[in-house]
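Trainee: The structure that follows is given in the form of structure tokens.
The values are calculated or read from the model by the stated rules, or taken from the named source; none is laboratory data. This is a predicted model, so every value here is computed, not measured. Cβ atoms come from the backbone with ideal geometry, glycine included; neighbour counts cover every protein chain shown.
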Amino acid sequence: MRSLLFVPADSGKKLDKAMASGADALIVDLEDSIALDRKEAARKNAAAFLAEAVATAPRPYLLVRVNGLKTDLIDADLDAVAAAKPDALMLPKAEGGASIIHLDAKLAVREALCGLPDGHIKIVAIATETAAALFRVGSYAGASARLLALTWGAEDLSVELGAEANRDAQGRFLDPYRLARTLCLAGAAAAEVMAIDTVYVDFADSHGLRRECEEARRDGFAGKMAIHPAQVPIINELFTPSLKALAQAQAIVDAFAQNPAAGAVGLNGVMVDRPHLNRAKRLLQRAAAKPR
């Protein structure tokens, strides 16, 4: 998934528009974008949208951002949307592997009640929205086979830290949030799942978005979340592997195929080893992934 577009669950117009946005995934939001007195209506709207959208082909990957485990809202969220068969849930304010195990158990019950296969609904965790979460990012490995990806957030974290800002005057993240970003990337690698970069909130600043996408791709993120459809084309462009990168990856795979017992091979005057092979395979797999 290169682009994951947030859409408020209580807006049918925005949900319909998002389906045509070109985003690889839609995040139907029941959390921050929905006022408390709109939660129930948003759940019903999300369920109706999902029930229709999952039958569409091709279609984006469909996630629902539910409310956090420490709220009294998540069970109602799950009861409303599980039967509509979303591809995944996004868990906000996750605090390590224990949060995933907790959500896994809740999902297993709903899947059984709805006649869904065990493990059908995957999980994407927002891993850095609380101070406690930063100390638990290394605990996601092995928590659940449902875990698909980790992402991170700076807005809630900055509130909890009591910060005046999370970015500098040039729009770059300040040190506490760069730490959170790095921990997310390392936690995802340790858990062997995708790392997804956070949103760029100034949706009118295409230059800043492009810069942040380039940096995220360079560092190992597989994609980026978006808050506006206008951001999707830039994110897709920057996270689509270039023909040169694909050719290089294929050359590495081919070189090892010709030397299956080798720990390292020479390629165009450079020695490449097994970690390079694994990275090349992941790049080719991402490039081969198709929309639903």
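Trainee: What are the residues in segment 87-110 that are of a type in the set (Asp, Glu) and touching a helix residue (DSSP H, G or I) at 6+ places or on another chain (Cβ under 7 Å), if any? Break it down stepwise before answering.
Mentor: Restricting attention to segment 87-110, the residues satisfying the condition of being of a type in the set (Asp, Glu) are 87, 95, 104.
Selection gives Glu95 alone.
Trainee: Checking Asn278 against (1) within 17 Å of Met194 (Cβ to Cβ); (2) surrounded by 12 or more Cβ atoms within 10 Å (Cβ to Cβ); (3) without any contact (Cβ under 8 Å) to a residue 12 or more places away in the chain; (4) not hydroxyl-bearing (Ser, Thr, Tyr), only one condition comes out false. Which one?
Mentor: Only one criterion in (1) within 17 Å of Met194 (Cβ to Cβ); (2) surrounded by 12 or more Cβ atoms within 10 Å (Cβ to Cβ); (3) without any contact (Cβ under 8 Å) to a residue 12 or more places away in the chain; (4) not hydroxyl-bearing (Ser, Thr, Tyr) is unmet by Asn278, namely (2).
Trainee: Can you tell me which condition Asp24 does not meet? The list is (1) touching a Phe, Trp or Tyr at 6+ places or on another chain (Cβ under 7 Å); (2) buried (at least 22 other Cβ atoms within 10 Å of the Cβ); (3) in contact (Cβ under 8 Å) with a residue 40 or more places away in the chain, and all the others hold.
Mentor: For Asp24, the exception is condition (2).
Trainee: In addition: Residues of segment 202-227 being farther than 23 Å from Leu148 by Cα and not polar (S, T, N, Q), which ones? Spell out the reasoning first.
Mentor: Going through segment 202-227, the residues farther than 23 Å from Leu148 by Cα turn out to be 202-211.
Of everything in segment 202-227, those that are farther than 23 Å from Leu148 by Cα and not polar (S, T, N, Q) turn out to be Asp202, Phe203, Ala204, Asp205, His207, Gly208, Leu209, Arg210, Arg211.
Trainee: Considering only segment 134-147, state which residues are surrounded by fewer than 23 Cβ atoms within 10 Å (Cβ to Cβ) and assigned to a helix (DSSP H, G or I). Spell out how you get there, then give the answer.
Mentor: Initially, segment 134-147 is screened for residues surrounded by fewer than 23 Cβ atoms within 10 Å (Cβ to Cβ), giving 134-136, 138-139, 141-146.
Selection gives Leu134, Gly138, Ser139.
Trainee: Another question about this same structure. Hey, which of the helices (runs of 4 or more DSSP H) in segment 173-292, taking only ones fully inside, have at least 3 residues that are more than 27 Å from Tyr140 (Cβ to Cβ)? So that I can check it myself, show each step before the final result.
Mentor: Details: elements: 175-191, 206-219, 232-239, 243-258, 274-288.
Ranges flagged: 206-219, 232-239, 243-258.
Trainee: Considering only residues that are part of a helix (DSSP H, G or I), out of contact with any Lys or Arg (no Cβ under 8 Å at 6 or more places or on another chain) and surrounded by 15 or more Cβ atoms within 10 Å (Cβ to Cβ), which ones fall in segment 148-159?
Mentor: Keep residues of segment 148-159 that are part of a helix (DSSP H, G or I), which gives 155-159.
Now narrow it down to the ones that are out of contact with any Lys or Arg (no Cβ under 8 Å at 6 or more places or on another chain): 155, 157-159.
Of everything in segment 148-159, those that are part of a helix (DSSP H, G or I), out of contact with any Lys or Arg (no Cβ under 8 Å at 6 or more places or on another chain) and surrounded by 15 or more Cβ atoms within 10 Å (Cβ to Cβ) turn out to be Leu157, Ser158.
Trainee: Does segment 96-122 hold any residues that are of a type in the set (D, E, K, R), out of contact with any strand residue (DSSP E or B) (no Cβ under 9 Å at 6 or more places or on another chain) and in contact (Cβ under 8 Å) with a residue 12 or more places away in the chain, and which are they? So that I can check it myself, show each step before the final result.
Mentor: Taking segment 96-122 as the starting set, the residues that turn out to be of a type in the set (D, E, K, R) are 104, 106, 110-111, 118, 122.
Subset that is out of contact with any strand residue (DSSP E or B) (no Cβ under 9 Å at 6 or more places or on another chain): 106, 110-111, 118.
Scanning segment 96-122 gives Lys106, Arg110, Glu111.
Trainee: Next question. Looking at (1) under 13 Å from the mean Cα position of the chain (by Cα); (2) free of Cβ contacts under 8 Å to residues at least 60 places away in the same chain; (3) surrounded by fewer than 22 Cβ atoms within 10 Å (Cβ to Cβ), which is the only condition Thr198 fails?
Mentor: Every condition holds for Thr198 apart from (3).
Trainee: Sticking with this one: Would you tally the residues in segment 69-79 being touching a helix residue (DSSP H, G or I) at 6+ places or on another chain (Cβ under 7 Å) and closer than 24 Å to Met225 by Cα?
Mentor: Here the count works out to 4.
Trainee: Scan segment 130-146 and report the pairs whose first residue is at negative phi and whose second residue is β-branched (Val, Ile, Thr) and surrounded by fewer than 19 Cβ atoms within 10 Å (Cβ to Cβ), with Cβ atoms within less than 6 Å and a gap of 6+ or a chain change.
Mentor: Note: pairs meeting the criteria are Ala143/Ile101.
Trainee: Kindly indicate which of Asp205, Asp219 is assigned by TED's automatic domain parsing to the domain that holds Leu50, surrounded by fewer than 16 Cβ atoms within 10 Å (Cβ to Cβ), over 14 Å from Asp24 (Cβ atoms) and out of contact with any strand residue (DSSP E or B) (no Cβ under 9 Å at 6 or more places or on another chain). Reasoning before the result, please.
Mentor: Working: Asp219 fails: out of contact with any strand residue (DSSP E or B) (no Cβ under 9 Å at 6 or more places or on another chain).
Being assigned by TED's automatic domain parsing to the domain that holds Leu50, surrounded by fewer than 16 Cβ atoms within 10 Å (Cβ to Cβ), over 14 Å from Asp24 (Cβ atoms) and out of contact with any strand residue (DSSP E or B) (no Cβ under 9 Å at 6 or more places or on another chain) holds for just one of Asp205, Asp219, which is Asp205.
Trainee: Take the residues of segment 117-133 that are over 19 Å from Leu4 (Cβ atoms) and hydrophobic (A, V, I, L, M, F, W, C): which is surrounded by the most Cβ atoms within 10 Å (Cβ to Cβ)?
Mentor: In this case the residue turns out to be Ala133.
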